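Just below is one structure, and these are the notes that go with it.
Bear in mind these aren't lab numbers, they're just calculated from the coordinates by the rules spelled out. Quantities reported herein were computed from a predicted structural model and do not represent experimental measurements. Here Cβ is always computed from backbone atoms with ideal geometry, including for glycine, and neighbour counts include all displayed protein chains.
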Amino acid sequence: MTDLRVSLVQSATLWHDSPGNRNMLSVLCQPLKGQTDLVVLPETFTSGFTNETLVNAESMDGPTLVWMRGLANRLQAVVTGSVVMRERDKFFNRLLWVRPDGTMEHYDKRHLFRMAREHQRYAGGERRLIVELKGWRVCPMVCYDLRFPVWIRNRFNHAAADRFDYDLLLFVANWPSPRRQPWRTLLRARAIENLCYVAGVNRVGTDGNEIHYAGDSALIDQVGETIIELGAQVQVATATLSADALFAHRERFPAWMDADQFELRP
C-alpha cells in the first residue's frame with residue numbers, strides 16, 4: 001500500500017437531466033487530471049434520488065457508463081458513484097466502480113430507504129463489494145447502508161494474507177438536510193468501529209421533490225478525526241490518506257481482537 005489520493009465531488013444534481021449532469025461533472029472533475037487516484041461522485045448523480053425509475057434508468061451499455069469510462073481514462077483515476085440501472089424487469093440503485101483501463105465492478109444498494117418507498121421500486125443487492133486500488137482495499141456503499149453496522153463490519157481476515165476486509169469505506173449519498181446530524185455522526189462512528197478511513201459524498205441543493213441537501217461530504221480518519229468536511233456549496237476537494245498512519249493505529253489499538261463473531265445470512 002502506498003498513500004491514496006481521494007477526491008470528493010459534491011455537486012448540485014440536476015433533476016432528471018442525465019446529459020446535463022454528465023456535462024456539469026465533466027467540468028467539475030477536469031482539474032483533477034493527474035491529481036488524484038479516486039474520484040467519488042454522489043448517489044444517483046445523473047437523476048437525483050428518484051422513484052421515477054422507468055424514465056431515468058439506464059442499461060449497463062448506456063451513455064453514463066460510457067461517460068464514466070472516458071472520464072476515468074482522462075483523469076487516470078478510478079471514478080465511482082451510483083446510477084439508476086435496469087436489468088430486465090428490475091431496477092437497481094447501482095454503484096459503478098470504473099477504472100482508467102475501462103474495467104469496472106458494481107455494487108447494488110443493499111438497504112433500500114422505505115421512508116421514500118425505494119424498496120417498492122428497486123431491487124436490493126445481495127453482496128458486498130471489495131475492490132483494490134494501489135494496494136488499498138475499498139468497500140463502497142450507498143447512502144442508507146450507512147445506518148447498518150452489521151452489513152458494514154470490517155473483520156480481520158486470516159485467510160486473506162492476514163488483512164482486514166477493507167482499509168477505506170466509502171458512501172455515496174443523497175442525504176437530506178433534516179437528517180444531517182446522523183450523517184455526520186455515523187460517518188465518524190463507522191470509521192472508529194471499523195479501524196479504517198471513511199469517505200462520504202453527499203449532494204447539495206434542492207431536488208425535484210423540494211427536498212434540500214446540506215452536503216457535509218467528508219473524509220474521516222481511523223480515529224474519527226476530520227480530514228476534510230465540506231459545507232453546503234458545490235465543491236471538489238482532495239486529500240491524501242496515509243497508509244502508515246492506518247497501520248500504526250491498527251497495531252497500537254487492536255480492538256478487532258475483541259470483536260464478536262457472527263455470520264451474515266440472507
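Please determine, in degrees from 0 to 90 and to the nearest 10, the orientation of helix 18-29 with respect to the longest principal axis defined by the Cα atoms of the chain, where the helix direction is its Cα long axis.
On a 0 to 90 degree scale, this one is about 50.
Sort 182-193, 110-121 by the packing proxy (mean of other Cβ within 10 Å over each peptide's residues), most packed first. Please list the in-between numbers first.
Details: 182-193: 19.0, 110-121: 15.2.
Result, highest mean first: 182-193, 110-121.
So what is the 222 nm mean residue ellipticity for the chain from helices alone, if each DSSP H run of at least 4 adds -39500 (n - 2.57) and you divide by all residues, rounding to the nearest 500 deg cm²/dmol?
-6500 deg cm²/dmol
If you fit an axis through the alpha-carbon atoms of helix 63-75 and take the longest principal axis of the Cα set of the chain, what angle between them do you get, 0 to 90°, nearest 10?
50
Taking the chain as the reference, fit the longest principal axis to its C-alpha atoms, fit the long axis of helix 180-194 to the helix C-alpha atoms, and give the angle between the two in degrees, 0 to 90, nearest 10.
40
What fraction of the DSSP beta bridges in the stretch 4-257 is antiparallel, stated in percent and rounded to the nearest 5?
70
Quick one: which of 195-204, 78-87 comes out on top by average Cβ neighbours within 10 Å, and what's the full order, highest first?
Working: 195-204: 26.3, 78-87: 24.1.
Highest to lowest by the protection proxy: 195-204, 78-87.
Which of Tyr107, Ile130, Pro149 sits closest to the plus end of the dipole of the stretch 100-151, meaning its Cα is farthest towards the positive end, when Lys and Arg get +1 and Asp and Glu get -1 on the C-beta?
Of the candidates, Pro149 comes out farthest on the positive side.
To two decimal places, what compactness ratio does the chain give when its Cα radius of gyration is scaled by 2.2 N^0.38 Å?
0.95
Shape of the stretch 186-266 from its Cα gyration tensor (a ≥ b ≥ c, root eigenvalues): rounded if a/c is under 1.5, otherwise prolate when a/b > b/c, or oblate? It would help to have the intermediate numbers written out before the result.
Working: a/c = 3.57, a/b = 1.61, b/c = 2.21.
Oblate, because a/c is 1.5 or more while a/b does not exceed b/c.
What order, most packed first, do the peptides 241-252, 130-141 have when packing is the mean number of other Cβ atoms within 10 Å of each residue?
Details: 241-252: 14.8, 130-141: 19.2.
Descending packing order for the listed peptides: 130-141, 241-252.
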